[in-house]
Amino acid sequence: MHKEKRKHAIPMPKQKVEERIHNFNEVALGYSMEQAVAEAERCIQCPKPQCIQGCPVEVNIPAFIKKIREKKFDEAIRIIKEKNSLPAICGRVCPQEEQCQKFCVLGKKGEPMAIGRLERFVADCELQKEVTVPPRPKLSMSGKVAVVGSGPAGLTAAADLAKLGHEVVVFEALHVPGGVLVYGIPEFRLPKKIVQAEVNYIKKLEVDIITNHMIGRLYTIDELFERGFDAVFIGTGAGLPGFIGIPGENLGGIYSANEFLIRVNLMRAYMFPEYDTPIRVGKKVAVIGGGNVAMDSARCSLRLGAEEVWIVYRRSRKEMPARLEEIENAEEEGIKFRFLAVPVRFLGDEHDWVTGMECVKMQLGEPDESGRRRPVPIEGSEFIMEVDTVVVAIGQTPNPIIQRTTKGLKTTRWGTIIVNEKTGKTSKKGVYAGGDVVSGAATVISAMGAGKRAARSIHRYLLRKKRMQQRKEYCQ
Amino acid sequence: MYKVLKKAELAPEIKLLEVNAPEVAKKAKPGQFVIIRIDEKGERFPLTLAEWEPKKGTITLIFLEVGVSTRKLGALGTGDEILDVVGPLGNPSDIKHYGSVAVVCGGVGTAAAYPIAKALKEAGNQVVSIIGARTEELLILEDEMKGLSDELYISTDDGSKGYKGFVSDVLRMLIEKGYRFDIVYAIGPPLMMRATANVTKPHSIKTIVSLNPIMVDGMGMCGACRVTVSGETRFACLDGPEFDGHLVDFDELIKRLRVYLSEEKQAAELYEKSRGIKRA
Ligand SMILES: Cc1cc2nc3c(=O)[nH]c(=O)nc-3n(C[C@H](O)[C@H](O)[C@H](O)COP(=O)(O)OP(=O)(O)OC[C@H]3O[C@@H](n4cnc5c(N)ncnc54)[C@H](O)[C@@H]3O)c2cc1C
Ligand SMILES: Cc1cc2nc3c(=O)[nH]c(=O)nc-3n(C[C@H](O)[C@H](O)[C@H](O)COP(=O)(O)OP(=O)(O)OC[C@H]3O[C@@H](n4cnc5c(N)ncnc54)[C@H](O)[C@@H]3O)c2cc1C
Ligand code: SF4
Ligand code: SF4
Ligand code: FES
């Protein structure tokens, strides 16, 4: 037993199902030190590690795992932070089975290394301690950068630019920083205090985070330049909720997932009436969609007292884009799934409150552009589901205000901002963008990657700009 | 933090607060609103900018106490602080020279209409204002509206002042008398805006209404504020709050405003209990 490596990853300790469906506390409890070290023992330290190429920011996975094995947790976190400034968050929410873990060689004969869980473990160890902040380098040519939006893209860009010695101001429209990490992803999956700790770290880097400032309404991008900023990074995310566009969608009891999650997570409607924001969840809830957003909405509904919660998804389980771990958690918690069905019409009572949903069954046809098999309706297969609450989680598109108010900023017809992939540079001078506002709804780690790339090119841009200014002054 | 600098009671349950918010004051335009969160446990809710003074750095909010949030706000005094004020939000009114304009206001809607009427006057329009309320003591901003209007009409539901009836009845009367309006602004409760739009429709007078659906973020992220205009779903905070009154589905708006009725009642009772208020 000692010689032969375990085929299975050490399971994640979790809150018991019976208990967790009644509270909003974190479901996954995290490894103990012993469990982390034991899991780290499984890594065979491949000379050509495949796992790294699965990570969008190329964390040196075997190196940090080796340090865990040696119980040098401080060194482990240092290795991770070279590439990833928000490891406590990524360890919790990265779709690891699609990324790093997908490529781990151990996955061929058993379970891949639990890379995310280990990353979370060392990040949590560090959070227990006072974090030391590198002093800001004194640059002879530093610039002033405005970062719009405080989601993972904006926070990462801000942190990297501050570390390079620039003056950074983050403008956030909501009353707290964090983007989807605070308004979307629920407490039981990503506790707010973890996000708060990461935000505090960034504040310690002397980044000024200003909330309640909606750029595009309060100041336009051009006005930011007039106010003395040398460059702007736009990381405003994809927060505009989509609706299906079928009859009855504006009935009472039908929420966009964003409204539902904002009420619950950002405004803490789960503590109503102690908190003032209400939410109404009935007995039987249907959530339309199959991504993380749908999973989160369904599991929140359950915790808010719904008796029966259905996920209604137009393809099959295999195609669901949600993180595998969360699909499993949802299944454990008793969420029911209705695959291969889409609603075509909502029905309401005399008070215009939703009472039901007419759906049509689907079958999978030829693969579409995304490579997934396209669902096609089966004629005459309509059926009615009785429901009293519906959450529409079919996707979001970029927040449009900045695009509407900025001259010279090129966008696609879906409203995403067009940038140079490598640099994050937009069509407008000095303006960079990244994250969901460029890619459309994607992942935390990809938004961070975009923030990093943009920070690097903004740095180069600022140095060039300052050098030119100096030359001009010199010549005069 | 946004400090309350001045407080006044304009009518029973209608309060005015002057709040220190220099950046908002510099950028505000007629027709725009702010979203407020009073304290850590508060909800986000919208209020129209009734006035602003860029030099002083202040904004003025005028509101009717209807539920917990507006009552909590009404309980603040000079020197107290509001945790969050975000704005200006929403699209500004389209202020230009139209010719002759009727500004029709119901109840606390007069506060929202006031800066628009003022700007329309400054843009060279002939402004006829009609302000109304349930009863005389609930009328607000009468002097201010009189000061800027070429003509001012008043109506009360009970006839205690001015014409007995609704503001929309006064508008109908004026039109029948031969008044010609190039555009009508109607701001107030949904029923009043619907009635006004119904008066102008047969005469094809363009009618702008300012919608007040339930809002959460006020920046286009939740869809709580969705309204049906011309058969299409629009977000009032993003695409509005002003829309063509002849194209708005008012029935839906009214129903959607009632979605949280039972929770609002529950919260109100709790609030009254916590403050030792006895129900009448
Ligand atoms: C419910 C939910 C669950 C998810 N689960 C996962 C998961 O498990 N794993 C994963 O990897 N990804 C997940 N995602 C996706 C991930 O959260 C996003 O891809 C990521 O947050 C995008 O980051 P961003 O910085 O581009 O934008 P956001 O996180 O959306 O942040 C944008 C910020 O900009 C602000 N803003 C917008 N407009 C303005 C303006 N005009 N002025 C000022 N500020 C503005 C917004 O208020 C917001 O705070 C989930 C998303 C949702 C909604
Ligand atoms: C763009 C916009 C601008 C507004 N400007 C003003 C203003 O300048 N002054 C002002 O007094 N009010 C204004 N309102 C309405 C104001 O936002 C609501 O009165 C407030 O949110 C009610 O909160 P509450 O907790 O006090 O009452 P709640 O407990 O939420 O509600 C109590 C009662 O008020 C009704 N109600 C709830 N929300 C609204 C709403 N949005 N509009 C109308 N009735 C509602 C409910 O149906 C219920 O009967 C505006 C609304 C919008 C959307
Ligand atoms: S950041 Fe995400 S993808 Fe990269 S190693 Fe960590 S968990 Fe894996
Ligand atoms: S591929 Fe798997 S086993 Fe190999 S180094 Fe990476 S984590 Fe370790
Ligand atoms: S208030 Fe949330 S989208 Fe308008």
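The values are calculated or read from the model by the stated rules, or taken from the named source; none is laboratory data. A quick note: this is a predicted structure, and the numbers were derived from the prediction, not measured. For neighbour counting, all protein chains shown are included, and Cβ atoms are generated from backbone atoms with ideal geometry for every residue, glycine included. Side chains included, ligands, DNA and RNA excluded: accessible areas come from the protein's heavy atoms. Shrake-Rupley method; radii C 1.70, N 1.55, O 1.52, S 1.80 Å.
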(request) For region B:53-139, build the charge dipole from Cβ charges (+1 Lys, Arg; -1 Asp, Glu) around the Cα centre, then report which of B:ALA123, B:LEU76, B:GLY57 sits farthest towards its positive end. (result) B:ALA123
(message) Looking at region B:83-165, I'd like the Rg to Rh ratio, where Rg is from alpha-carbon atoms and Rh is Kirkwood's inverse mean 1/r.
(response) 1.03
(request) With viscosity set to 1.567 mPa s and temperature to 4 °C, compute the Stokes-Einstein D of region A:180-256, Rh being the Kirkwood radius across alpha carbon pairs; µm²/s, no decimals. (result) 80 µm²/s
(request) Would you kindly compute the Cα radius of gyration of region A:341-399 and its largest Cα-Cα separation (Dmax), both in Å? (result) 14.5, 44
(request) Would you work out the charge dipole size for chain A about its Cα centre, treating the Cβ of every Lys and Arg as +1 and the Cβ of every Asp and Glu as -1, and quote it to the nearest 20 debye? (result) 2540 debye
(message) Place a point 7 Å from Cα of A:LYS48 in the direction of its Cβ. Which residues in region A:101-124 have their backbone N less than 19 Å from it?
(response) A:101-109
(request) Compare the Cα positions of A:LEU347, A:TRP414, A:VAL390 along the charge dipole of region A:308-421 (+1 at Cβ of Lys, Arg; -1 at Cβ of Asp, Glu; about the Cα centre) and return the one farthest towards the positive end. (result) A:TRP414
(message) Counting only helical runs of four or more DSSP H residues, what would the 222 nm mean residue ellipticity of chain A come to if each run contributes -39,500 (n - 2.57) and the total is spread over all its residues?
(response) -9500 deg cm²/dmol
(request) Compute the projected area of the convex hull of the Cα atoms of region A:20-119, averaged over all viewing directions, and report it in nm² to one decimal place. (result) 6.9 nm²
(message) Under a Cβ-only charge scheme (Lys and Arg +1, Asp and Glu -1), can you give me the dipole magnitude of region A:24-76 about the Cα centre, in debye to the nearest 20?
(response) 240 debye
(message) Please give me, ordered by residue number, the GluC sites (Glu not before Pro) of region A:216-282 that lie in loop per DSSP and have at most 15 other Cβ atoms within 10 Å.
(response) A:GLU274
(request) Please express the Cα-Cα pair-distance distribution P(r) of chain B as a list of whole percents, one per 10 Å bin, running from 0 to the bin with the greatest distance. (result) 7, 29, 37, 23, 5, 0
(request) Over every pair of different alpha-carbon atoms in region A:253-373, take the mean of 1/r and invert it; report that Kirkwood radius in Å. (result) 15.4 Å
(request) May I ask you to give the percent of accessible area on chain B that is carbon plus sulfur, with a probe radius of 1.4 Å? (result) 49 percent
(request) With label points built 7 Å along Cα→Cβ from the Cα atoms of A:GLU98 and A:SER32, find their separation and express it in nm. (result) 3.4 nm
(message) Residues of region B:221-255 that become at least 30 Å² less accessible with every protein chain present than in their own chain isolated, using 1.4 Å: which are they?
(response) B:MET221, B:CYS222, B:ARG226, B:PHE235, B:LEU238, B:LYS255
(request) Please give the calculated 222 nm ellipticity per residue for chain B, where each DSSP H segment of at least 4 residues contributes -39500 (n - 2.57) and the sum is spread over every residue; nearest 500 deg cm²/dmol? (result) -8500 deg cm²/dmol
(request) Compute for chains A and B the buried accessible surface, both sides summed, probe 1.4 Å, and express it in Å² to the nearest 100. (result) 3900 Å²
(request) Over all alpha-carbon pairs in region A:367-463, figure out the percentage whose distance exceeds 22 Å. (result) 48 percent
(request) Please report, as a whole percent, how much of the solvent-accessible surface of region A:193-328 comes from carbon and sulfur atoms (probe radius 1.4 Å). (result) 47 percent
(request) Tell me the label-point distance for the pair A:GLU319, A:LYS108, using the 7 Å Cα-to-Cβ offset, in nm and rounded to one decimal. (result) 3.2 nm
(request) Above 20 angstrom, tally the Cα pairs of region A:303-462 and express them as a % of all pairs, no decimals. (result) 66 percent
(message) Using a probe radius of 1.4 Å on heavy atoms only, what accessible surface per residue do you get for the protein assembly as shown? Whole Å² is fine.
(response) 43 Å²
(request) Please report, in debye to the nearest 20, how large the charge dipole of region B:1-153 is about its Cα centre when each Lys and Arg carries +1 at its beta carbon and each Asp and Glu carries -1 there. (result) 440 debye
(request) With only alpha-carbon atoms counted, please give the Rg and Dmax of chain A, in Å. (result) 23.5, 80
(request) Assuming a ≥ b ≥ c are the square roots of the Cα gyration tensor eigenvalues, decide whether region A:118-186 counts as rounded (a/c under 1.5), prolate (otherwise, with a/b larger than b/c) or oblate. (result) oblate
(message) With only alpha-carbon pairs counted, each pair once and no self-pairs, how large is the Kirkwood hydrodynamic radius of region A:51-183 in angstroms?
(response) 16.3 Å
(message) Given an 8 Å cut-off on Cα distances and at least 6 residues of separation, report the relative contact order of chain A as a percent.
(response) 16 percent
(request) Write out the GluC sites (Glu not before Pro) in region A:332-361 meeting two conditions: DSSP loop, and at most 14 other Cβ atoms within 10 Å of their Cβ. (result) A:GLU350
(message) From the alpha carbon gyration tensor of region B:1-123, can you work out the equivalent ellipsoid semi-axes (sqrt of 5 times each eigenvalue) and give them in Å, largest to smallest?
(response) 25, 16, 12
(request) Any chance you could check the Cα centroid distance between region B:17-78 and region B:161-239 for me, in angstrom? (result) 23 Å
(request) Could you tell me which trypsin sites (Lys or Arg not before Pro) in region A:271-336 are loop residues by DSSP with no more than 13 other beta carbons within 10 angstrom of their beta carbon? (result) A:LYS283
(request) Under 1.5 on a/c is rounded, so check that first for region A:307-356, then, if it is not, pick prolate when a/b is larger than b/c and oblate when it is not; a ≥ b ≥ c are the square roots of the alpha carbon gyration tensor eigenvalues. (result) oblate
(message) Once you place label points 7 Å from the Cα toward the Cβ at A:ARG404 and A:GLU366, how far apart are they in nm?
(response) 3.9 nm
(message) Just to be sure I understand: of the beta bridges DSSP finds with both ends in region B:161-280, what percent are antiparallel, rounded to 5?
(response) 65 percent
